[in-house]
Every structure is written in structure tokens, then in C-alpha cells.
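Chemist: The structure is given below, and queries will be raised subsequently.
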Amino acid sequence: MSELLIEFNTFTILGRCARTGALGVITATGEMAVGSRVPFVEDDVGAVATQALTDPRLGKKGLELLRAGKSATEVIEALAAVDPHIEARQLGVIDTQGNAAARTGSGNSDWKGHIATDGFVSMGNRLISEGVVDAMAACFRETEAEPLWERLMLSIEAGRDAGGQHGGQRSAAMYVCDNLDYALVDLRADDYNEPVDELRRLYDLYVPRIPYYRRRAADPTIGPFSAWKDSAGL
């Protein structure tokens, strides 16, 4: 088992904004295309992250359980009960009330662990040290006044700057829902030497467009972003 785990190393933070109810996940890993496996988020339902030797079906099942009214803790317990390989997984869940729960399987490689408290889960496996999870948690707590997507971006950078994982990162992704019935932010850096830097580059390009994309969905006469940007004084 330990030999299999060596390439599967991930650090992730799930969060909920207490002001707006927005829900999101940001993650980085040593494998490519992490956005296809770790983050599962749905408006008015919750957020789930499944990592390590992950089975993405657990993410879909987690959202289904949240949709049925289960709490974050109940979802973790239910997923653990049906997965015969649960000790090879790491799971985090936040429900719409901001309740958080997580489980780190014993088969994960060190350093492994999580912090699950009101409004967020910070977790990782095969990390340089516990300081990675601590740094993400501290950053998320200290940026409460910022939009959820900004808090998540700063937090994953804090985890990276605290050492990240053994062997470095290869991909990173952010997925945020903000009461629109579709993802407001869905960004991926799928195969890069420094994927958190690439995610930041995409993030800085995208965030100024968020008000435009919100409005365009309701008003398709708004025109192209270039014209809207000028009218908005950006």
C-alpha cells in the first residue's frame, strides 16, 4: 500500500462563506487534472472533497447524501460505511449550515491529517509537514472579510508556501458555487511545474470578469466583456 500511495499527495481546503452561503473547494496535487477528481460542490447542498487514492464516485455520493438532508458528519460516516478501501481515502465535507467534517484514512502517507471546524476543512496527505494544513487554516480564518474565492486562493498559496507536498505539485483547481445554480468559478491548471502559480495567473484574469458573467447570464444584451469593461471603468 505505501508504494502505491507515494504518487498520490494532495492538499485541499473546502470553505463556506457565512455572509453569502457560497461554497467552494481549492486543491493542489502531484498528479495531473486534479479538478476532475477532488472537488464536488453544489449550491444549497454543500461541498465534498475526496483525495489520496481517491474514488470520485464518493464525491457524487456525498452530494447526494447532503441533498437528502444528511449533515456533514453523517455523510462522512455513511461514505466510510460503504467503501471497503476507506483507509486509502481522505474526505472532507461541508454542509449548507457550515458544519464541517473530515476523515483521514490510516493508509495515507505522512504527513497526513486535517482540521475540520465551523465553515471550512483544511486537509492533506504526504505533506512536507503539519504546517501546510495549519497555514491554510490560518489564512482562511484571517481573510473572513474577503470573497470566498479570494480566501481559497490565498489559502492554497499559503499551503504551497509552507512546503506543500513531497515531490512538488503538478495540478491545481478551484471550484466555487455562489447561489447561481451553476459554478461561478471553475479554474484548472492541469499539468504544470508550478500549478498554483498558473492557477493564480488564471484567477487574476478571471476575477475582474465575475460581475460581467453574473450579469450576462440574466441580460444577454450586455455585449462583449471589452465593452462592458470600458463602461464599468475597469
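The values are calculated or read from the model by the stated rules, or taken from the named source; none is laboratory data. Owing to the predicted nature of the structure, the values given are computational and were not obtained by experimental measurement. Here the Cβ is made from the backbone with ideal geometry for all residues, glycine too, and neighbour counts use every protein chain on show. Ligands, DNA and RNA are excluded from the accessible area calculation, which covers all protein heavy atoms including side chains. Shrake-Rupley method; radii C 1.70, N 1.55, O 1.52, S 1.80 Å.
Chemist: Taking the full set of protein chains and a 1.4 angstrom probe, give the accessible area of Ser36 in square angstrom, rounded to the nearest 10.
Modeler: Its accessible surface works out to 60 Å², give or take rounding.
Chemist: Still on this structure, I have one more. Can you give me the long-range amide H partners of Leu184? Hydrogens built in the peptide plane at 1.01 Å from N, cutoff under 5 Å, separation of 5 or more residues or another chain.
Modeler: For Leu184, whose amide H was placed from the backbone, the distant partners under 5 Å are Val176, Cys177, Asp178.
Chemist: Take the alpha-carbon positions of region 57-130, form their convex hull, and give its projected area averaged over all directions (one quarter of the hull surface) in nm². Numbers along the way, then the final one.
Modeler: Details: hull surface 18.7 nm².
The orientation-averaged projected area of the Cα hull of region 57-130 comes to 4.7 nm².
Chemist: Kindly state, to the nearest 0.05, the FRET efficiency for Lys229 paired with Met32, given R0 = 41 Å and r defined as their beta-carbon distance. Intermediate results must be reported in sequence, preceding the final value.
Modeler: Numbers: r = 33 Å, r/R0 = 0.80.
Efficiency for this residue pair is about 0.80.
Chemist: Holding the Cα-Cα limit at 32 Å, pick out from Lys70/Lys229; Lys61/Lys229; Lys70/Lys112 the pairs that are longer than that.
Modeler: Details: Lys70/Lys229 43 Å; Lys61/Lys229 40 Å; Lys70/Lys112 26 Å.
Distance filter (> 32 Å) returns Lys70/Lys229; Lys61/Lys229.
Chemist: Rounded, prolate or oblate: pick one for region 11-68, where a ≥ b ≥ c are the square roots of the eigenvalues of its C-alpha gyration tensor, a/c under 1.5 means rounded, and failing that, prolate if a/b is larger than b/c, else oblate. Kindly include the intermediate steps, with their values, before the conclusion.
Modeler: Numbers: a/c = 2.86, a/b = 1.38, b/c = 2.07.
Here region 11-68 falls in the oblate category.
Chemist: Through the Karplus equation 6.51 cos²θ - 1.76 cosθ + 1.60, θ set to phi - 60°, convert the phi angles of region 188-200 into ³J(HN,Hα) values in whole Hz; use x for Gly and Pro.
Modeler: Working through the residues one at a time gives 9, 10, 8, 7, 9, 5, 10, x, 5, 5, 5, 4, 4 Hz.
Chemist: Could you order Met32, Met136 so the one with the most accessible surface comes first? Probe is 1.4 Å. List each step's numbers first, then the result.
Modeler: Values: Met32 105, Met136 0 Å².
Ranked list, largest accessible area first: Met32, Met136.
Chemist: So what are region 134-225's ellipsoid semi-axes, whole angstrom, largest first, if each one is the square root of 5 times an eigenvalue of the alpha-carbon gyration tensor? Let's see the in-between values first.
Modeler: Working: eigenvalues 151, 51, 19 Å².
That gives 28, 16, 10 Å for the three semi-axes.
Chemist: State the percentage of accessible surface on the chain attributable to carbon and sulfur atoms; use a 1.4 Å probe and exclude ligands, DNA and RNA. Display every interim value, and only then the final one.
Modeler: Values: 5060 of 10340 Å².
Reported share for carbon and sulfur atoms: 49 percent.
Chemist: Write down the accessible area per residue of the chain in Å², having rolled a 1.4 Å probe over the full set of protein chains.
Modeler: Values: 10340 Å² over 234 residues.
For the chain, the per-residue accessible area is 44 Å².
Chemist: Less than 15 Å Cβ to Cβ from Val45, Lys/Arg counted +1 and Asp/Glu -1: what total charge do the surrounding residues give?
Modeler: Details: positive: Arg16, Lys60, Lys61, Arg67, Lys70; negative: Glu42, Asp43, Asp44, Glu64, Glu74, Asp95, Asp178, Asp181.
Summing Lys and Arg as +1 and Asp and Glu as -1 gives -3.
Chemist: Quick check on region 1-121: what does the Kirkwood estimate of hydrodynamic radius come out to from the alpha carbon pairs, in Å? Numbers along the way, then the final one.
Modeler: Numbers: mean 1/r = 0.0715 Å⁻¹.
Taking the inverse mean of 1/r over all distinct Cα pairs, region 1-121 comes out at 14.0 Å.
Chemist: Next question. When the Karplus curve 6.51 cos²θ - 1.76 cosθ + 1.60 is applied with θ = phi - 60°, which whole-Hz ³J(HN,Hα) does each residue of region 92-106 get, with x for Gly and Pro?
Modeler: The phi angles translate into x, 9, 10, 9, 6, 8, x, 5, 10, 8, 8, 9, 10, x, 5 Hz.
Chemist: Another one. Let's test this: bin the Cα-Cα distances of region 41-195 at 5 Å from zero up to the farthest pair and state each bin's percent.
Modeler: The distribution over region 41-195 is 2, 10, 17, 23, 23, 17, 8, 1, 0, given as percents.
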